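**Student:** To start, I am sharing the structure in question, which I have written as C-alpha cells.
The values are calculated or read from the model by the stated rules, or taken from the named source; none is laboratory data. Quick caveat, the model's predicted, so the values are computed rather than measured. Counting neighbours? That spans all protein chains shown, and the Cβs are built from the backbone with ideal geometry, glycine included. The protein model used for the area step is the full one, side chains on, heavy atoms only, and it has no ligands, DNA or RNA in it. Shrake-Rupley method; radii C 1.70, N 1.55, O 1.52, S 1.80 Å.
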2 protein chains.
Amino acid sequence: MLAGFFTTLGALPQIIKAYRSKSVGDVSIYMFYTIWVGVLLWTVYGILKMDWPIIITNGISTFLNGIMIYFYYKYKN
Amino acid sequence: MLAGFFTTLGALPQIIKAYRSKSVGDVSIYMFYTIWVGVLLWTVYGILKMDWPIIITNGISTFLNGIMIYFYYKYKN
C-alpha cells in the first residue's frame, strides 16, 4: 500500500516545481513519455484483469504524468 | 512485461540528459526521492514474497533513481 502510494504520486513534486518556476529546461520529456506509456499499459492490463488496485494507482499515474507532459510544452519557451 | 519495461526504465532519459547537460536546476529532487522510497518498498515487498519479477524490476528502478539522486547533487551547482 505504502509502496504504491509513493510510486503513484512520484510525478507530483515535479508538477508543483514546474508550475511554480514556469521552467522545465533541465527536465527530460522522454522520462515522462516513457513512464506515461508504461503506466498507461499497466492501466490497460488492470482493466483486462479487472484488478482495481492496478487500475486506480496506474490511472492516477497516467493522469499525473499527462499533466507534466502538458506543463512541459506549456513552459518550454 | 512491456508495461514493466517502460516504468522500470523511466528514469534513464533523465539520467542521460543530466549527465550530458551537467544541469539539473529545473529537476525536482523530491520526485526522485518519492519514487526511490516507493520502488525500494516495492523491492522489500518482492523479497518478502520472493516474487522475482517484482524484485528485479523494482531493484533496477531503485538503482536508476539512486543514480539520478547522486547526479542531482553532483550537478546542482
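**Student:** Using a 1.4 Å probe and counting only protein heavy atoms, how much accessible surface gets buried when A and B come together, both sides summed, in Å² to the nearest 100?
**Tutor:** It comes to approximately 2300 Å² buried between A and B.
**Student:** With a cut-off of at most 16 other beta carbons within 10 Å, and DSSP calling the residue loop, which trypsin sites (Lys or Arg not before Pro) in region A:1-71 qualify? Please list them.
**Tutor:** Filter output for region A:1-71: A:LYS22.
**Student:** Let me ask you something else. What value, in deg cm²/dmol to 500, does the helix sum -39500 (n - 2.57) over DSSP H runs of n ≥ 4 give at 222 nm once divided by the residues of the protein assembly as shown?
**Tutor:** -26500 deg cm²/dmol
**Student:** Which residue is it, in chain A, whose C-beta lies closest to the A-to-B rotation axis, and what is that distance in whole Å?
**Tutor:** A:ASP26, 2
**Student:** With all protein chains present, how much of the accessible area of chain B (probe radius 1.4 Å) comes from carbon and sulfur, to the nearest whole percent?
**Tutor:** 72 percent
**Student:** Run the numbers on region A:1-21: which residues show a drop of 30 Å² or more in accessible area, chain on its own versus all protein chains together, using a 1.4 Å probe over heavy atoms?
**Tutor:** A:ALA3, A:PHE6, A:THR7, A:GLY10, A:PRO13, A:GLN14, A:LYS17
**Student:** Related question: Rounded, prolate or oblate, given the Cα gyration tensor of chain A, with a/c below 1.5 counting as rounded?
**Tutor:** prolate
**Student:** Taking the Cα centre of the protein assembly as shown as the origin, how large is its charge dipole in debye, to the nearest 20, when only Lys and Arg (+1) and Asp and Glu (-1) carry charge on their Cβ atoms?
**Tutor:** 560 debye
**Student:** List the aspartates and glutamates whose alpha-carbon lies under 13 Å from that of A:LYS76, not counting same-chain residues fewer than 8 positions away?
**Tutor:** A:ASP26, B:ASP26
**Student:** Taking θ as phi - 60°, what are the ³J(HN,Hα) couplings along region A:35-50 by the Karplus curve (6.51, -1.76, 1.60), each to the nearest whole Hz, with x for Gly and Pro?
**Tutor:** After applying 6.51 cos²θ - 1.76 cosθ + 1.60, I find 5, 4, 4, x, 6, 5, 5, 4, 5, 4, 4, x, 5, 4, 8, 6 Hz.
**Student:** Sequence gap at least 6, Cα distance under 8 Å: using those rules, report the relative contact order of chain A to the nearest whole percent.
**Tutor:** 46 percent.
**Student:** Continuing with this model, one more query. Taking the Cα centre of chain A as the origin, how large is its charge dipole in debye, to the nearest 20, when only Lys and Arg (+1) and Asp and Glu (-1) carry charge on their Cβ atoms?
**Tutor:** Result for chain A is approximately 300 debye, rounded to the nearest 20.
**Student:** Which of B:VAL24, B:ILE67, B:PRO53 sits closest to the plus end of the dipole of chain B, meaning its Cα is farthest towards the positive end, when Lys and Arg get +1 and Asp and Glu get -1 on the C-beta?
**Tutor:** B:VAL24
**Student:** Keeping all protein chains in place, calculate the accessible area per residue for the protein assembly as shown (probe 1.4 angstrom), answer in Å².
**Tutor:** That works out to 57 Å² for each residue.
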